[in-house]
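Beneath this line is the structure, given in structure tokens, with notes to follow.
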Amino acid sequence: MTDDTPSFDSASVAAILTQRGREDRAALLEDLVVMLAEVVPNTRVERTLLGRRVTAIHLPVGGYIYVLRRGAGETFEASRRQQVRAVTIRTDPMEIDAFLAELGLALDAELERTERGRDALRRWLNSKNP
């Protein structure tokens, strides 16, 4: 029997996001917030006023802002925004799987550059894989 859960040594954010997106879409936003809010500078999280449930996350990575917003039910609205001097000049809607793959690759590059990023990924993996 093999374990398909990624270990820290073989983990890539792209692979983890793809797996999490298939496993539990309902928890996807919360997973992103737990893992990335402390690592990606200027991450913005939107929550409901009373329930404090995550409704959207804005992740500035590699010259783009990746936005994942909870839609009706278990659906998501994903987009990539290009900004120049704090002005959005282009917004590209994306399918959720393509969004997760592209965001994962961009995050892989960013997180590997910093020790703090790798530590955050390690903590997140350990919390998901007891």
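Under a 5 Å amide H cut-off, with hydrogens placed 1.01 Å from N, Thr55 pairs with Glu46, Arg47, Thr48 among residues at least 5 apart or on other chains. When the residues Asp31, Asp97 are ordered by accessible surface, computed with a 1.4 Å probe over the protein chains alone, the sequence from largest down reads Asp97, Asp31. Using a probe of 1.4 Å, the accessible surface attributed to Phe76 totals some 40 Å² when neighbouring protein chains are kept in position.
A DSSP coil position with no more than 14 other Cβ atoms inside 10 Å describes the following trypsin sites (Lys or Arg not before Pro) in segment 35-86: Arg52, Arg53, Arg85. Note on Thr55 and Glu38: the model spin-label points, each 7 Å out from Cα along the C-beta direction, lie 2.7 nm apart. All Cα-Cα distances of segment 38-109, cut into 5 Å bins from zero to the largest, leave 3, 15, 25, 26, 19, 9, 3, 0 percent in each bin in turn. Can you work out the FRET efficiency for the pair Thr48 and Arg81, with r the C-beta to C-beta distance and R0 = 22 Å, to the nearest 0.05? The value I calculate is 0.45. Across segment 27-37, coupling constants 3J(HN,Hα) worked out from phi with the 6.51/-1.76/1.60 Karplus curve, θ = phi - 60°, read 9, 4, 4, 4, 4, 4, 5, 4, 6, 10, 4 Hz, and Gly and Pro carry x. The accessible-area ordering, largest first, of the residues Val87, Val54 stands as Val87, Val54, per a 1.4 angstrom probe. In this view, the solvent-accessible surface of Met35, computed with a 1.4 Å probe and all protein chains in place, comes to about 10 Å². On the full set of protein chains, 1.4 Å probe, figure out the accessible area of Ile96 and give it in Å² to the nearest 10. Probe radius 1.4 Å; accessible area of Ile96 about 30 Å².
The values are calculated or read from the model by the stated rules, or taken from the named source; none is laboratory data. Small disclaimer: the values here were computed from a predicted structure and weren't measured. Backbone-built Cβ (ideal geometry, glycine too); neighbour counts: all protein chains shown. SASA here: full protein model, heavy atoms, side chains in, ligands and nucleic acids out. Shrake-Rupley method; radii C 1.70, N 1.55, O 1.52, S 1.80 Å.
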